[in-house]
Amino acid sequence: MGYLRGLSRTTRVMLMWVVAVCVALLAAGLLLIRFAYPFEGYRPFIAGLAIGCAHSLAKAVLLEKSLSHIIDMQKEGAESIGRLHFIGRYLITAAVFVVVILSRGFFGFFGTIAGVLSLQIAAYITGHLLKDKKVY
């Protein structure tokens, strides 16, 4: 828990919303699988959503750590380190999808996509809350 205390308030709120969005996506996905989408079972969807949400949480923390590291640097070094961290975060995303594709029966692809996209949804919600000063 001490690792999360070093994060900014914005990142902590975003992490909270990633978890909330993942729970909402879990409920919506299970209902969709039950009534309309018979191609992916419950277990692969839940496993895919879990790995996608874990990826989103890790990516948000890595982004925070990267930005706090870059702010203290000179402009020339900050640009190259920022690009390196950016590429690293997307290589992690690619690695998650490679793992999901290679273990096709265990992780559901649509659950993984939903989990990975939960970061973007949470970032939008957090930005809206911070813009309206509902979160301090």
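The values are calculated or read from the model by the stated rules, or taken from the named source; none is laboratory data. Worth saying up front: this structure is predicted, and the values here are computed from it rather than measured. For neighbour counting, all protein chains shown are included, and Cβ atoms are generated from backbone atoms with ideal geometry for every residue, glycine included. The area values use the complete protein model at the heavy-atom level, side chains included, leaving out ligands, DNA and RNA. Shrake-Rupley method; radii C 1.70, N 1.55, O 1.52, S 1.80 Å.
List of remarks:
- Taking the criterion of being open to solvent by 50 Å² or more (accessible area, probe 1.4 Å) and charged (D, E, K, R), the residues of region 1-44 that qualify are R5, R9, R12, R34, R43.
- Hey, F107 of a type in the set (F, W, Y) and in a helix (DSSP H, G or I) or not: no
- Neighbours by Cβ (under 9 Å, 6+ apart or cross-chain): first from region 121-136, more than 9 Å from M14 (Cα to Cα); second modelled with pLDDT under 70: H128/K134; L129/V135; L130/Y136
- When region 88-120 is filtered for residues that are within 13 Å of K59 (Cβ to Cβ) and among the β-branched types (V, I, T), the ones remaining, listed by number, are I92, T93, V96, V116.
- Which listed residue, of R34, R83, R43, is of a type in the set (K, R) and over 15 Å from F110 (Cα atoms): R83
- Within region 100-136, the residues that satisfy the criterion of being over 16 Å from A20 (Cα atoms), within 16 Å of the chain's Cα centre (by Cα) and open to solvent by 70 Å² or more (accessible area, probe 1.4 Å) are F109, F110.
- Selected residue (only one of V96, V23 is touching a His at 6+ places or on another chain (Cβ under 6 Å) and aliphatic (A, V, I, L, M)): V96
- Those residues of region 45-82 which are small (G, A, S) and either surrounded by 14 or more Cβ atoms within 10 Å (Cβ to Cβ) or not in a helix (DSSP H, G or I) (or both), in sequence order: A47, G48, A50, G52, A54, S56, A58, A60, S66, A78, G82
- Subset of region 40-82 (residues that are at pLDDT below 85, among the charged types (D, E, K, R) and farther than 15 Å from I113 by Cα): D72, K75, E76, E79
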